[in-house]
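Data first, discussion second: the structure below is written as structure tokens.
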Amino acid sequence: MTFEQIKSEIQARKFRPIYLFMGDEPYFINELTDLLSNTILPEEERDFNQTVLYGNETDVPSVVALARSFPMMADHQVVIVKEAQNLSKIEELEVYAKNPLNSTILILNYKNNTLDKRKKLYAEIDKRGVVFESKKIPDYKMAGFIAQYVQGKGLSIDQKSSQMLADYLGNDLSKVSNEASKLLIALPPSHRQITAEIIEENIGISKDFNNYELLKAIVEKNIFKANQIADYFEKNPKNNPMIVTLVVLFNFFSNLMICYWAKNKTEQGLAAELGLRNPYMAKDYTIAIRNYNAFKCMEIISLLRIYDAKGKGVDNASVPDGELLKELIFKIMH
């Protein structure tokens, strides 16, 4: 089941006896756990019927004993095991998973790892409960995630603004959620759209000089604009670290290599090929295909690796990041 499917099911109060939330992205695990914690029981019943355990502080017999007990004057009890990856001999939960108590909702948070899918415990939970693997969102899909997140709050955000936030915040979803929440609070009641101007005012990212605009200038071969932005980055290195710029460029040109072999090179075709949420997000790729051939794209990817190493001091004793970036941009665009 997907995150949205599980979320909808919980909101409809259709609960399963066991939930296993696992994977290397804690944001989705926390969101689903909090939703269950706040939905299953009314607040006045939680003191007696909701228990939180930690994997390194408990053991399987204790979890099973608690799960097999009955709720006090309520329809359900909730048992949450956080850091379940630290629970010794977790596979022994298989006995309970084969015959779970319907009045108990057992939630296992298995973070930064996944339960071995070949184990019987995994199969039993998958058969009678819900297994959700929470995966990191690739950097190049973050703008789409941010747009969807904002829309889920009843607001809108344009492509430039969502990409600005993605480039600045990376794929740390907790950080994205926190910053987006600040923007939502900052919006006046009559204003329902997050814009580049609002981001600049509240987060401090320049609406004109950022990685989104730099990438756009490079894609369109706008040399003057690219150099303008590089100058700004050089003067404001703290807010514009070169490593972030290199990641943005590397993700784009790596995806561009895929586009050369796509059968359908329209915006719709490339969006489907790259797994983008909106065909409009593929517009830059259609422009880049015209301005850079596949051989140049391979050369650019190689250059990005070289300048990443130089930025870390390899074959470079003294050239600062600002000059390295200008040099890289020149080689990319010529």
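The values are calculated or read from the model by the stated rules, or taken from the named source; none is laboratory data. For clarity, every value in this text was computed on a predicted model and none was experimentally measured. We place every Cβ from the backbone using ideal geometry, glycine too, and count neighbours over all the protein chains shown. Ligands, DNA and RNA are stripped out before the accessible areas are found, and what is left, the full protein with its side chains, is counted by its heavy atoms. Shrake-Rupley method; radii C 1.70, N 1.55, O 1.52, S 1.80 Å.
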Log entry, pairs with first residue in the stretch 231-256 being closer than 18 Å to ALA143 by Cβ and of a type outside the set (Lys, Arg), second being at pLDDT below 90 and in a helix (DSSP H, G or I), beta carbons closer than 7 Å, six or more apart or on different chains, reads VAL244/ASP167; VAL247/ASP139; VAL248/ASP167; ASN251/ASP139; ASN251/TYR140; ASN255/TYR140; ASN255/LEU274
Can you find a residue in the stretch 231-242 that is under 30 Å from GLN148 (Cα atoms), at pLDDT below 95 and part of a helix (DSSP H, G or I)? yes
Within the stretch 125-148, the residues that are more than 17 Å from ILE198 (Cα to Cα), open to solvent by less than 50 Å² (accessible area, probe 1.4 Å) and free of Cβ contacts under 8 Å to residues at least 60 places away in the same chain are MET142, PHE145
Output for Cβ contacts, cut-off 8 Å, separation at least six or different chains, first residue open to solvent by less than 40 Å² (accessible area, probe 1.4 Å) in the stretch 62-78, second modelled with pLDDT under 95 and of a type in the set (Lys, Arg), reads VAL78/ARG46
Log entry, pairs with first residue in the stretch 278-294 being touching a residue at least 60 places away in the same chain (Cβ under 8 Å), second being of a type in the set (Asp, Glu) and outside any helix (DSSP H, G or I), beta carbons closer than 8 Å, six or more apart or on different chains, reads ILE287/GLU220; ASN291/GLU220
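Residue-by-condition table, conditions (1) more than 30 Å from ASP172 (Cα to Cα); (2) within 24 Å of the chain's Cα centre (by Cα); (3) modelled with pLDDT of 95 or more:
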{"residue": "ILE6", "(1), (2), (3)": "no, yes, yes"}
{"residue": "ILE10", "(1), (2), (3)": "no, yes, yes"}
{"residue": "PRO26", "(1), (2), (3)": "no, yes, no"}
{"residue": "ASP47", "(1), (2), (3)": "yes, no, no"}
{"residue": "GLU57", "(1), (2), (3)": "no, no, no"}
{"residue": "MET73", "(1), (2), (3)": "yes, no, no"}
{"residue": "GLU92", "(1), (2), (3)": "yes, no, no"}
Only one of LEU184, LEU169, LEU173 is open to solvent by less than 70 Å² (accessible area, probe 1.4 Å), within 22 Å of the chain's Cα centre (by Cα), hydrophobic (A, V, I, L, M, F, W, C) and at pLDDT 85 or above, namely LEU173
Sole miss for GLN193 among (1) under 25 Å from ASN236 (Cα atoms); (2) more than 18 Å from the chain's Cα centre (by Cα) is condition (1)
Taking the stretch 260-278 and keeping only residues that are in contact with a Gly (Cβ under 9 Å, 6 or more places away or on another chain) and under 23 Å from SER302 (Cα atoms), one is left with ALA262
Scanning the stretch 309-321 residue by residue, those more than 29 Å from the chain's Cα centre (by Cα) and open to solvent by less than 50 Å² (accessible area, probe 1.4 Å) turn out to be GLY313, ASN316
Flagged in the stretch 296-332 as in contact with a Leu (Cβ under 9 Å, 6 or more places away or on another chain) and of a type in the set (Phe, Trp, Tyr), in numbering order, are TYR307
ILE218 meets each of (1) open to solvent by less than 40 Å² (accessible area, probe 1.4 Å); (2) of a type in the set (Val, Ile, Thr); (3) in contact with a His (Cβ under 9 Å, 6 or more places away or on another chain) with one exception, condition (3)
When the stretch 255-301 is checked residue by residue, the ones that are open to solvent by 70 Å² or more (accessible area, probe 1.4 Å), over 23 Å from the mean Cα position of the chain (by Cα) and of a type in the set (A, V, I, L, M) are MET298
Within the stretch 1-38, the residues that are in a helix (DSSP H, G or I), open to solvent by less than 70 Å² (accessible area, probe 1.4 Å) and within 12 Å of ILE107 (Cβ to Cβ) are ILE6, ILE10, ILE29, ASN30, LEU32, THR33, LEU35, LEU36, SER37
Can you spot a residue in the stretch 104-124 that is free of Cβ contacts under 8 Å to residues at least 60 places away in the same chain, open to solvent by 20 Å² or more (accessible area, probe 1.4 Å) and within 20 Å of LEU32 (Cα to Cα)? no
